[in-house]
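A.B. asks: My structure is below; once you've seen it, I'll send some questions.
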Amino acid sequence: MKIKIRKMLESDIIEFPIEFEKQGWHKSVELYQMYYDEQKNDTGKLFVAEVDGNAAGYATLLSHDISGPFKDKSIPVIVDFNVLEKYQRNGIGTAIMDAIENYVREYSPTICLGVGLHYGYGAAQRMYVKRGYVPDGSGVWFNGKRMEQYEPCVNDDELILYFSKQLI
């Protein structure tokens, strides 16, 4: 399997929602249009993995986080990292992460990300730790705010733990 990492193409705006819908994930065309526009306007960078001419996964890199413990600290942040299920366990996630980290290493000593806490994020959690990402120590965040002890929350995609990695 030959993996190519490239920028987002206009055709990905339609292809990704269709492919994610096939696996029961609802990702809108508007989301990918926003990512494409961010790439075009140089406010975000998309790293898309392509296998045999098909988009297989992607991650978005922003120059800084807009919420959480790294907000406005000028630390590059990886957001919305996904590999289509039919391509998982083939090194695609690793290829995307390698490309992002090599790119960021050129201008920043640190990179950060947030990861969900429910079991659906288990593979990502393990991958980040294996790659040297460590929790930032601020605890769990929910809906963009740090959770206080014993505060109730919902174990959904908004329940997040933040990590960072030293690249140098």
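A.B. asks: In whole percent, what relative contact order does the chain give with Cα contacts below 8 Å and a gap of six or more residues? Can you show the working numbers first?
C.D. replies: Working: 280 pairs, mean separation 31.4, N = 168.
So the answer I get is 19 percent.
A.B. asks: Determine the sum of side-chain charges near G139: Lys and Arg each +1, Asp and Glu each -1, restricted to other residues whose C-beta is under 12 angstrom from that of G139.
C.D. replies: Values: positive: K145, R146; negative: D136, E148, E151.
Summing Lys/Arg as +1 and Asp/Glu as -1 gives -1.
A.B. asks: Return the calculated 222 nm mean residue ellipticity for the chain, to the nearest 500 deg cm²/dmol, obtained by summing -39500 (n - 2.57) across DSSP H runs with n ≥ 4 and dividing by the residue count. List each step's numbers first, then the result.
C.D. replies: On the way: 4 runs with 46 residues, N = 168.
Taken over the chain, the calculation gives -8500 deg cm²/dmol.
A.B. asks: Roughly how much of L117 is accessible, in Å² to the nearest 10, using a 1.4 Å probe?
C.D. replies: About 60 Å², ignoring ligands and nucleic acids.
A.B. asks: All other residues with a Cβ under 12 Å from the Cβ of Y58 taken together, and with Lys, Arg as +1 and Asp, Glu as -1, what is their net charge?
C.D. replies: Details: positive: R6, K7, K27, K45; negative: D12, E15, E19, E50, D80.
Net charge in that neighbourhood comes out at -1.
A.B. asks: Right, here's the next one. Using alpha carbons only, how many degrees (0 to 90, rounded to 10) separate the axis of helix 92-105 from the longest principal axis of the chain?
C.D. replies: Long axis of 92-105 versus the principal axis of the chain: about 70 degrees.
A.B. asks: Still on this structure, please answer the following. With +1 on the Cβ of every Lys and Arg and -1 on the Cβ of every Asp and Glu, and nothing else charged, how large is the dipole of the chain about its Cα centre, in debye rounded to the nearest 20?
C.D. replies: 660
A.B. asks: Kindly sort V115, V129 by accessible area of their heavy atoms, largest first, with the probe set to 1.4 Å.
C.D. replies: Working: V115 5, V129 90 Å².
Final ranking, largest accessible area leading: V129, V115.
A.B. asks: Would you mind working out the accessible area per residue for the range 58-133, using a 1.4 Å probe, and quoting it in Å²? Can you show the working numbers first?
C.D. replies: On the way: 3740 Å² over 76 residues.
Using a 1.4 Å probe on heavy atoms only, each residue of the range 58-133 averages 49 Å².
A.B. asks: Given a Förster distance of 22 Å, report the FRET efficiency between S67 and R131 from their Cβ-Cβ distance, rounded to the nearest 0.05.
C.D. replies: On the way: r = 23 Å, r/R0 = 1.03.
About 0.45, to the nearest 0.05.
A.B. asks: Accessible surface of D52 in the full protein assembly, 1.4 angstrom probe, to the nearest 10 Å²?
C.D. replies: D52 has an accessible surface of roughly 130 Å² with all protein chains in place.
A.B. asks: Here's another thing I want to ask about it. Going by accessible area, probe 1.4 Å, with all protein chains left in place, what is the ranking of K27, K145, largest first? Provide the component values of the computation, followed by the final result.
C.D. replies: On the way: K27 45, K145 145 Å².
Reading off the accessible areas and sorting them downward yields K145, K27.
A.B. asks: Considering only I75, A99, N54, whose Cα is most displaced toward the positive end of the charge dipole of the range 42-110, charges sitting on Cβ of Lys, Arg (+1) and Asp, Glu (-1)?
C.D. replies: I75
A.B. asks: Can you give the accessible area of S28 in Å² (nearest 10), computed on protein heavy atoms with a 1.4 Å probe?
C.D. replies: 50
A.B. asks: First check a/c for the range 95-168, with a ≥ b ≥ c the square roots of the eigenvalues of its C-alpha gyration tensor; if it is under 1.5, answer rounded, and if not, answer prolate when a/b is larger than b/c or oblate otherwise. Intermediate values should be presented prior to the final figure.
C.D. replies: On the way: a/c = 2.69, a/b = 1.84, b/c = 1.46.
Note, shape of the range 95-168 comes out prolate.
The values are calculated or read from the model by the stated rules, or taken from the named source; none is laboratory data. This is a predicted model, so every value here is computed, not measured. Neighbour counts run over all protein chains shown; Cβ positions are idealised from the backbone, glycine included. Only protein heavy atoms, including side chains, enter the accessible area calculation; ligands, DNA and RNA are left aside. Shrake-Rupley method; radii C 1.70, N 1.55, O 1.52, S 1.80 Å.
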